[in-house]
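S.K.: The following block contains the structure, expressed as structure tokens.
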Amino acid sequence: MSDIKIELDNKIYNVVVERKRSTRNTYIRVKENLDIYVTCNLLTSDRFIIKLINDNEKKVLKMISIMEKKKAKEEFFYYLGKKYDLVYINKKGITFGEEKVFVGNDFDLDKWYKKEALKVFQIELDKMYNNFIYKIPYPSLCIRKMKTRWGVCNVKTHKITLNLELIKKDTKYLDYVIVHELSHLLYANHSKYFWNCVGENYKDYKKIRKELKQDE
Ligand SMILES: [Zn+2]
């Protein structure tokens, strides 16, 4: 790895160069800290890299502006109902502070959320299933990002799909969605019998349901 500095549009940027034997072409990326990352072959010279960036100045500036916008959008971090300031650092992994979360520049937040959701959702599903007052088949669990729904139940295959976004909220919402989907294993509709069943297994459901709807 070697470090170069380059001036684009009156601003100085760090250029981090990673030379790899196996790389044939030269790739330019912009990281969250706005460093320009170049991956290239062992034989590629600094001069060539600087020329390449200068020749593609417009494209690189575009990549920088996209990253700036992405960062502005992601200034907060939500986990289990708590809101943190999101701070990018030059270290690997994720560290929780009292009010802040520090993540490495190339940390994959979605992947981390998914990993956490696999643990948390399974624990909550087991809890709600064990407390469920009717006998129902034990469902398999699927987690994915959904645009318009918090949960889906496939009555035939006994599969419950939960929205990954629930990991950002207090578990009381997750628990309600689980009870809602478990109740569909008894009633494949939204009849009064269905809502009765939801109410028997989750007392506060009306309030929680309203809050979730307002959030959509
Ligand atoms: Zn439903």
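S.K.: With θ set to phi - 60°, apply the Karplus curve 6.51 cos²θ - 1.76 cosθ + 1.60 along the stretch 150-155 and write out the HN-Hα couplings as whole Hz, x wherever there is a Gly or Pro.
M.R.: My calculation for the stretch 150-155 gives 8, x, 9, 10, 9, 5 Hz in order.
S.K.: Among the DSSP beta bridges whose two residues both lie in the stretch 130-216, what percent are antiparallel, rounded to the nearest 5?
M.R.: Numbers: 4 of 9 bridges.
DSSP beta bridges in the stretch 130-216 are roughly 45 percent antiparallel.
S.K.: Another question, if that's okay. Compute, for the chain, the length of the dipole vector about the Cα centre, with Cβ point charges of +1 (Lys, Arg) and -1 (Asp, Glu) only. Units Debye, rounded to 20.
M.R.: On the way: 44 positive and 30 negative charges, 129 e Å.
In debye, rounded to 20, the chain gives about 620.
S.K.: Relative to the first principal axis of the alpha-carbon coordinates of the chain, what is the inclination of helix 57-73, with its axis defined by its Cα atoms, in degrees from 0 to 90 and to the nearest 10?
M.R.: 30 degrees
S.K.: Considering only protein heavy atoms and a probe of 1.4 Å, how much of the accessible area of the stretch 121-178 is carbon and sulfur, as a whole percent? Walk me through the numbers on the way to the answer.
M.R.: Working: 1630 of 3170 Å².
Of the solvent-accessible surface of the stretch 121-178, carbon and sulfur hold 51 percent.
S.K.: Further question on the same structure: Per residue of the stretch 206-213, what does 6.51 cos²θ - 1.76 cosθ + 1.60 with θ = phi - 60° give for ³J(HN,Hα)? Whole Hz please, x for Gly and Pro, Karplus curve as stated.
M.R.: 5, 5, 5, 5, 5, 4, 5, 5
S.K.: Something else about it: Treating only the Cβ atoms of Lys and Arg (+1) and Asp and Glu (-1) as charged, compute the dipole magnitude of the stretch 93-216 about its Cα centre; round to the nearest 20 debye.
M.R.: Rounded to the nearest 20 debye, it is 520 debye.
S.K.: Could you pull out every residue, at least 5 positions away or on a different chain, whose amide H is within less than 5 Å of the one on Asn105? Hs are placed 1.01 Å off N in the peptide plane, and Pro or chain starts have none.
M.R.: Amide H neighbours of Asn105: Ile89, Lys91.
S.K.: Sticking with this structure for a sec: Would you mind telling me the share, in percent, of accessible area of the stretch 1-101 contributed by carbon and sulfur at probe 1.4 angstrom? Mind showing how you got there, number by number?
M.R.: On the way: 3520 of 7020 Å².
C and S fraction of accessible area: 50 percent.
S.K.: Find the accessible area per residue for the chain; the probe is 1.4 Å, ligands and nucleic acids are left out, and the unit is Å².
M.R.: Working: 13690 Å² over 216 residues.
Spelled out: the 1.4 Å probe surface of the chain, per residue, equals 63 Å².
S.K.: Per DSSP H run of at least 4 residues, take -39500 (n - 2.57); add these up for the chain, divide by its residues and hand me the 222 nm value, nearest 500 deg cm²/dmol. Let's see the in-between values first.
M.R.: Numbers: 6 runs with 85 residues, N = 216.
Value at 222 nm, helices only, nearest 500: -12500 deg cm²/dmol.
S.K.: Okay, next question. For the chain, modelled as a GNM with alpha-carbon contacts under 10 angstrom, which of Asp55, Asp175, Asp204 fluctuates the most?
M.R.: For the chain, modelled as a Gaussian network with Cα springs under 10 Å, the answer is Asp55.
The values are calculated or read from the model by the stated rules, or taken from the named source; none is laboratory data. Being a predicted model, the structure only gives us computed values, none of them experimental. All Cβ positions, glycine included, derive from the backbone under ideal geometry; neighbour counts span all protein chains shown. These accessible areas exclude ligands, DNA and RNA; they are computed on the full protein's heavy atoms, side chains included. Shrake-Rupley method; radii C 1.70, N 1.55, O 1.52, S 1.80 Å.
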